[in-house]
Every structure is written in structure tokens, then in C-alpha cells.
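Visitor: Pasting in a structure now, in C-alpha cells, and then I'll have a few things to ask.
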Amino acid sequence: MRQVLVLNGPNLGRLGSREPDVYGAQTFDDLAVLCRETGRELGLSVEVRQTDDEAELVSWIHEAADSRTPVVLNPAAFTHYSYALRDAIAQRTAPLVEVHISNPNAREEFRHTSVVAAVATGTIAGFGMRSYELALRAIADMGE
Ligand code: DQA
């Protein structure tokens, strides 16, 4: 079965209690279940991880590049300023879909810049947790 990594950056472990008006009431565990179940439906083996640590997230992107594993990535706040993360993603050897729960372009100005978008395969934002489901479907359809 094809492996897919679903990687999440800082503060996403606090979904459910974090700004529910922006990110909804579902928890990170709910998100992990949604991703694994969507994967099962699509014939993908999905592993979901979250970290608040930039170095750890960069090391997971390296791991995905070395193993040619497709990635669904919500870089969270790192989206807007982490050149280290961008440089890691530039080494990718399989599709990588940037996802966001909210629509950063409809929010504060600093969220309008993504330093990772140009090295991702594509971006899905603004559909709540469905953004992850759509990204997994895109990866399944690409069949790489
Ligand atoms: C986010 C949007 C980012 O601007 C923010 O820093 C996050 C979450 C989203 O999923 O909507 O932490 O990536």
C-alpha cells in the first residue's frame, strides 16, 4: 500500500481548544482519524504527525524525500517565514500538497505570504479539515 505522511506544524496539536471560531471544534485526534479513514478509502496508508519544533519538521521532510513518500503538509505559522522548511521541501522527490484549515489570504496581512507555496505541488486552503481530505484525494489521483 502507498504510504503518505500528513505532517503538521506548531499549535495544530491544540485544535479543538485553539481559536475554535477560526479552526473549528474538532480536535487533532479527530483530524488524524479523518486522514487515516480517508486514506483507507483511497488505498493509502496514512501516518499523521504533529510537532511544534521546526528542526523536527525539517527532519520529517528529509525523511520523506529519502523514501520518496508523498506528503500532505500544514506548516502552520512556519508557512509564512521558514526558509529552512522551504529549502527542505525543495528537495522533495514525490508530491507535496500544502494545506491550511483556514484561508490565510482572507486573514491578517502576514498570512498572505507563503514561503513554501512555490516549492509545493499545490495548495489547498480554506475548507476546514476537508482541506486534508482533498489533498489526500489529489495525491491518490496523481498516482505517483
Ligand atoms: C494555518 C494558517 C496559518 O496562518 C496559522 O499560522 C496556522 C494554521 C491553517 O491551517 O489555517 O497555525 O496553517
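The values are calculated or read from the model by the stated rules, or taken from the named source; none is laboratory data. Remember, it's a predicted structure, so these values are computed and weren't measured experimentally. Glycine gets a Cβ as well: all are built from the backbone with ideal geometry, and neighbour counts include every protein chain shown. Heads up: the accessible areas ignore ligands, DNA and RNA and are worked out on the full protein's heavy atoms, side chains in. Shrake-Rupley method; radii C 1.70, N 1.55, O 1.52, S 1.80 Å.
Visitor: Would you confirm whether or not the range 35-43 contains a residue that is surrounded by fewer than 20 Cβ atoms within 10 Å (Cβ to Cβ) and under 14 Å from the mean Cα position of the chain (by Cα)?
Guide: Yes, some residue in the range 35-43 is surrounded by fewer than 20 Cβ atoms within 10 Å (Cβ to Cβ) and under 14 Å from the mean Cα position of the chain (by Cα).
Visitor: What are the residues in the range 82-99 that are within 10 Å of the ligand (Cβ to nearest atom) and in contact with a Phe, Trp or Tyr (Cβ under 9 Å, 6 or more places away or on another chain), if any?
Guide: If the condition is that a residue be within 10 Å of the ligand (Cβ to nearest atom) and in contact with a Phe, Trp or Tyr (Cβ under 9 Å, 6 or more places away or on another chain), then Val99 is the only one that fits.
Visitor: Do any residues in the range 119-131 that are under 18 Å from Gly39 (Cβ atoms) have Cβ atoms under 9 Å from those of residues that are surrounded by 19 or more Cβ atoms within 10 Å (Cβ to Cβ) and among the basic types (Lys, Arg), where the two are at least six apart or on different chains, and which pairs are they?
Guide: Going by the 9 Å Cβ cut-off, the qualifying pairs are Thr121/Arg92.
Visitor: Please go through the range 1-14 and give me each residue that is surrounded by 15 or more Cβ atoms within 10 Å (Cβ to Cβ) and without any contact (Cβ under 8 Å) to a residue 24 or more places away in the chain, ordered by number.
Guide: None - no residue of the range 1-14 is surrounded by 15 or more Cβ atoms within 10 Å (Cβ to Cβ) and without any contact (Cβ under 8 Å) to a residue 24 or more places away in the chain, so the list stays empty.
Visitor: May I pose another question? Closer than 18 Å to Val97 by Cβ and within 16 Å of the ligand (Cβ to nearest atom): does that describe Leu57?
Guide: Yes; evaluated as a whole, the condition is true for this residue.
Visitor: How about the range 76-125: which of its residues are of a type in the set (Asp, Glu) and open to solvent by 10 Å² or more (accessible area, probe 1.4 Å)?
Guide: Within the range 76-125, Asp87, Glu108, Glu109 meet the criteria.
Visitor: Give the residue that is farthest from Arg137 (Cα to Cα), with candidates limited to residues of the range 24-46 that are in contact (Cβ under 8 Å) with a residue 60 or more places away in the chain and assigned to a helix (DSSP H, G or I).
Guide: In this case the residue turns out to be Asp30.
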